[in-house]
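A short worksheet on the structure shown next.
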Amino acid sequence: MKKLYLYLLTSALVSIVVLGWLIDTLNQQTAPTEDSFGWQSTLTGGFALQIARQPEHQRASFAKRLSADFDVTLTYKQGDTLALPHELKQQMALKKELVLEDELGFYLLKTHDNLLPDYLELRLQKPEPEQSNDVLLTLLFYAGVCGFMWFILSPLAKRLSVLTEAAKQFASGDLSARIKVNHFTYIKDVELTFNRMANQIDKLLAENKLMASSLSHDIRTPVACLRFGLDAAIEEPDLNQVRSILVRMENDLDQMEDMLASYLSFATLEQKAHLLTFESTQAQTYIAALIDQIQPKLTKADLIGSYDVDPQVYLYADLHWLARAITNLLSNACEFASRNILVRVQQHEQLILIDVEDDGPGIAPNNWHKVFSPFFQEQNHRNRDEKGYGLGLAIVAKVVDWHHGKASVSQSETLGGAKFTLSINCKPNKAV
C-alpha cells in the first residue's frame, strides 16, 4: 500500500505544480504590462520635457495647468520625496520612468535628464479584471488536476475490479480463483495478501475434509472392535473370559482417545499461528539440547545421535515450535534409522538449512511430495514402540510454514537414508 500512497501523493503534487506553472505563465502573458500604458508614457514624457524647460519655481504650477488642460491626474514631485528602494531609484534614473502598483491601481513615474532628481507622477486607471479569463483558468486548473488523477487512478480502478472479481469467484465456491499479480500495479501487497489468504483457506478446507474422512475411516476399526467385544461379553458365560474381553475393549478405547487427541491437537494448530514469539539463539547449543532431550529414545533404540553445526550460525525463530518440528523429525528418524542419526545446520545466503538425516531405508522418491500431507503413511511404515497417525510430519510442515519457510525430503548423501530439510529465513517475515 505504500506504493499506492506514494503514487497518489506524487500525482497530486505534480498536477498542482505543473498546472499552476502553466496557468501562471499563461496569466503573465495575458496580464497588463508596461506596454499597456504606452501612450500614457509618451504623453508624460512630453510633459516632463515641457516642465523641464520651465523655471524651477514655476514647475509645480505648470504641472497643475497641464493636469487641468489634459484632464489627467498629474503631480509634480520633489526627488527627496521618492520613497523607493535603491534598486528602483537606479532603474528610474536609467530608464527615466517606472510603473508601480498600489491598492488604488497603477501609477507612472516619469522624469527627464534636466528634471532630475524631481519627477512627475501620473495616476493610471486600474484595468478591470477579466473575470471570464479567471473563471476559465480556474476551470482549466481543476480539469487538469482531474485529468492527472484519472490518469493515475484508472489503473488502480482496473486492478480493484480484478480483485473484486476474484473475490466474487472465490466466494461463489471457486477455490482456485487467484489474482495474476502485475508488477506495475499500485496494490501489489493487497493482491499478494489475497492470494495468500485464498491459499490458506483452500489448504484449511482441504485439511478439514481430509481430517474428517481420515477420522471416519480410522475410527471404524476400534468402534467395530468395541461392538464385537460388547456382543461377545454379553453372550459369554465365563467371567474370566468376559474380563479378558473387557481388557481388550479398554485398549481399543485407549487407542480411540489417543487418536482423537492427536486429531484435535492437529486441528487446533492453526489457532496458535499468531502466538509465535521470535527469539535468537546459537544453533549449536540449541540442537545439542534437542538431541540430549531425546537421548532416552535413542538409547532405547540403540541409536547414535550426532550433529554438525557451525558455531557462528544463529537461529531466529519461535524456539518452542521449531523445537517441536525438529523433535518430530528426530522421533521419526528413530523409528527408521538402523544405527545413526545426524543433524546438520548451515547458513546459505539468507536461509538457515536444518537437515535431519538417518541411515534407514529412506523414502521412495514418488512419495517425497506426499510425506508432509496429514495422515499420510507409507505402506512399509513400521513403528517400533508407538502408534502413529501420519500427523508428525504434517505438524513439521505447518510450523515451517508459520516461519514462511519450506520443508522438503530427499535422500541423504552421507548416511544413505532419508534426509529432511527445513529452510527458514535468517530473520522472520514481518507478516508472521
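The values are calculated or read from the model by the stated rules, or taken from the named source; none is laboratory data. Because the structure is a prediction, the values reported are computed rather than measured. When we count neighbours, we look across all protein chains shown, and the Cβ atoms used for this are built from the backbone with ideal geometry, even at glycine. Just so you know, the surface numbers come from the protein's heavy atoms only, side chains and all, with ligands and any DNA or RNA stripped out. Shrake-Rupley method; radii C 1.70, N 1.55, O 1.52, S 1.80 Å.
Below, the figures for the structure above:
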read-out: Mean accessible surface per residue for region 57-192, computed with a 1.4 Å probe while every protein chain stays in place, in Å²; value: 66 Å²
read-out: Probe 1.4 Å, all protein chains present, accessible-area order of W21, W321, largest first; value: W21, W321
read-out: Unit charges at the beta carbon, dipole of region 133-252: most positive-side option, A177, N240, A224; value: A177
read-out: Over 32 Å between alpha carbons, listed pairs K203/K300; K188/K427; K209/K300; K158/K209; value: K203/K300; K209/K300; K158/K209
read-out: Simple spin-label estimate for M149 and V135 in nanometres, 7 Å along Cα-Cβ; value: 2.3 nm
